[in-house]
1. Within the stretch A:144-157, does at least one residue satisfy the condition of being of a type in the set (A, V, I, L, M) and not in a helix (DSSP H, G or I)?
2. Working carefully through the options B:219, B:194, find the one that is without any contact (Cβ under 8 Å) to a residue 12 or more places away in the chain, within 30 Å of residue B:125 (Cβ to Cβ) and among the hydrophobic types (A, V, I, L, M, F, W, C).
3. I'm trying to understand the selection: among the residues of the stretch A:91-132, which are away from chain B (no Cβ under 14 Å) and touching a Lys or Arg at 6+ places or on another chain (Cβ under 6 Å)?
4. Mind counting the residues in the stretch B:44-63 that are of a type outside the set (Gly, Ala, Ser) and touching a residue at least 60 places away in the same chain (Cβ under 8 Å)?
5. State all residues of the stretch B:87-129 that are assigned to a loop (DSSP other than H, G, I, E, B) and not aliphatic (A, V, I, L, M); if no residue qualifies, say none.
6. For the stretch A:133-146, check the following and say yes or no: at least one residue is touching a residue at least 60 places away in the same chain (Cβ under 8 Å) and either within 14 Å of chain B (Cβ to nearest Cβ) or in contact with a strand residue (DSSP E or B) (Cβ under 9 Å, 6 or more places away or on another chain) (or both).
7. If you go through the stretch A:160-167 one residue at a time, do you hit one that is more than 26 Å from residue A:100 (Cα to Cα), within 13 Å of the chain's Cα centre (by Cα) and part of a helix (DSSP H, G or I)?
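Where a number appears in this text, it was derived from the coordinates with a stated rule and is not lab data. Keep in mind that this is a model prediction, so the values were computed, not measured. Cβ atoms come from the backbone with ideal geometry, glycine included; neighbour counts cover every protein chain shown.
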Amino acid sequence: MNHHTPAIELIDVHKIFHSKTTTTHALADVHLQMKEGEVACLIGPSGSGKSTCLRTINGLETITRGAIKLFGTPYSSASTAHALRRDTAMIFQRFELFPHLTALENVALAPRLREPISKADALERASELLSSVGLSAHRDKFPRMLSGGQQQRVAIARALAVRPRILLCDEPTSALDPELVDEVLELLKAIAKGGMTMVVVTHEMRFARQVSQTCHFFDGGRVVESGATQTLLDRPQTPRLQAFLSSLQGTHRR
Amino acid sequence: MHEQKRSPLWSIATSVLIALIVFSLWRGFHTLDYQWDFLSLREYIWVSESGTPGLLLHGLWGTLWVSALSIVVGSVIGVAAGLVLYAGNSFAQNFARFFVEIFRNTPVLVQLYVMYFVVASAFQLSAEQAGIATLSLFCGAYIAELVRGTLLNLEKGPQDAALSLGLTRLQIARHVTAPLALRRLMPSLVGQYVSLVKDSSLVSVISIVELTKSASNMVAISFRSFEVWFLVAVVYFVLNFILSRCGRWIEQRMSADLQPA
């Protein structure tokens with residue numbers, strides 16, 4: 001792999017949602033580039049397109065126009081989309097664990113189905129990952145018996161189990177009770193330190209400062225401002241980002 | 001199993017209701033002034049002289065195999081049509097929709113007659129084949145709607161998660177969607193099966209030997225219509241009770257995560 005090939009490249013991406021009465025331009029003219037090992041945060045008000053943007057990167061959302069390349073390979077058909085999805089894994093706001101499987105089975109399912117390994121090996125890997133996120137004691141519990149923070153940590157273990165090159169996180173702590181936020185953020189920080197390429201949609205500005213090198217501010221489906229995280233958050237250039245950041249300070253968000 | 005607390009009013013209301021039913025039955029039978037004789041039905045259950053099963057058991061066997069076969073074939077048709085309604089192309093969807101509407105919105109009795117006198121003549125089908133085909137299609141039409149509705153209302157999150165993990169459509173269907181959909185489907189599916197067992201009595205009109213047909217014959221011979229129909233009702237009840245219980249058991253097996261720890 002050429003070191004200069006970006007890990008993620010979005011070129012002139014547009015996404016238009018059509019309903020019977022309205023046409024929504026969820027993403028317009030989005031250009032993004034990320035190096036391998038980079039951690040980027042997507043910030044912006046709700047409905048600004050940041051989650052949609054994240055979902056286009058692993059093909060959960062198709063794009064209306066433009067191109068998406070992962071490690072230089074563009075998404076073109078359903079089959080390449082499937083192949084590229086193998087390089088990414090995703091963490092969701094509402095965890096989205098498989099409710100009918102135990103924590104261990106949740107983590108083991110994808111490796112067992114995707115890779116030529118035995119069920120025992122898949123369970124072994126899952127077991128190691130669960131202990132790395134501190135949940136060995138809960139491996140045989142079903143998701144609904146776990147707290148939100150524990151569920152999200154299972155979801156992280158499940159994402160890591162497919163050994164992704166890119167980890168996509170969609171508001172990973174927004175659905176958590178405040179006291180459970182840190183256990184998830186600490187874990188994500190550790191993964192970032194390990195050199196994982198990550199895209200994180202977040203409202204946690206403190207977290208963004210601590211782990212991300214770059215930040216992209218979305219508003220109205222467009223990337224309004226991009227830059228190094230410290231600079232962007234300390235010296236916002238556009239009035240819209242200034243307004244967004246001061247609105248966050250008005251609330252108890254960090 | 002956990003007991004639910006109910007207000008004492010509930011048990012009082014239930015007692016009153018049971019008392020009312022018992023009273024009206026007792027009064028009805030009293031006014032009827034009928035000499036009950038259930039023992040005379042023994043010969044229809046088991047012919048002691050020849051040591052062979054009687055009419056009732058023959059009928060029961062008929063009901064069992066007609067229902068079982070219709071349930072199996074109907075489920076296959078229903079799941080297939082349901083999947084088409086949920087995710088087929090528009091031509092296939094229209095076709096499935098047409099099938100479902102025809103079989104849901106016309107009486108089974110008419111469907112049976114048409115199948116037996118028109119379709120069966122055209123294709124040289126036996127009465128049994130025509131009967132089972134009708135019940136299967138009828139049952140399938142209802143199951144198709146259940147399947148479509150269940151899939152439509154299933155939360156999409158776990159499916160998205162599976163997709164994001166790089167699983168194929170088929171793997172997701174097999175390991176995520178099917179188990180989650182099936183346990184949602186179970187209660188209404190069992191309800192459908194219970195209905196089908198009862199509706200199987202209708203195939204007696206095209207002279208298939210099953211419980212209801214046997215009962216009419218027993219009445220014709222014995223003139224003991226009250227006893228015969230009561231007995232037959234009890235047999236249907238027991239059949240369906242067992243069916244419901246099996247359904248409940250399977251449902252619980254499939255939802256280990258929903259059981260209280």
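1. Residues of the stretch A:144-157 of a type in the set (A, V, I, L, M): A:145-146, A:154-157.
When the remaining residues are screened for being not in a helix (DSSP H, G or I), the result is A:146.
Scanning the stretch A:144-157, I find at least one residue that is of a type in the set (A, V, I, L, M) and not in a helix (DSSP H, G or I), so the answer is yes.
2. The conditions single out B:219.
3. Of everything in the stretch A:91-132, just one residue is away from chain B (no Cβ under 14 Å) and touching a Lys or Arg at 6+ places or on another chain (Cβ under 6 Å), namely A:130.
4. Here is the first cut: in the stretch B:44-63, the ones of a type outside the set (Gly, Ala, Ser) are B:44-47, B:49, B:52-53, B:55-58, B:60-61, B:63.
Imposing the further condition that a residue be touching a residue at least 60 places away in the same chain (Cβ under 8 Å) reduces the set to B:44, B:55-56, B:58, B:60, B:63.
Result for the stretch B:44-63: 6.
5. Initially, the stretch B:87-129 is screened for residues assigned to a loop (DSSP other than H, G, I, E, B), giving B:88-89, B:105-107, B:124-126.
B:88, B:89, B:105, B:106, B:107, B:124, B:126, listed by residue number.
6. From the stretch A:133-146, those touching a residue at least 60 places away in the same chain (Cβ under 8 Å) are none; that's our starting set.
No, the stretch A:133-146 contains no residue that is touching a residue at least 60 places away in the same chain (Cβ under 8 Å) and either within 14 Å of chain B (Cβ to nearest Cβ) or in contact with a strand residue (DSSP E or B) (Cβ under 9 Å, 6 or more places away or on another chain) (or both).
7. Narrowing the stretch A:160-167 to residues more than 26 Å from residue A:100 (Cα to Cα): A:165-166.
Next cut, within 13 Å of the chain's Cα centre (by Cα) only: A:165-166.
Filter once more, so that each one left must be part of a helix (DSSP H, G or I): none.
No.
So that you can scan it fast, the table gives a plain yes or no per residue for (1) out of contact with any Cys (no Cβ under 8 Å at 6 or more places or on another chain); (2) not in a loop (DSSP other than H, G, I, E, B):
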residue: A:195; (1), (2): yes, no
residue: A:200; (1), (2): no, yes
residue: A:203; (1), (2): yes, no
residue: A:227; (1), (2): no, yes
residue: A:230; (1), (2): yes, yes
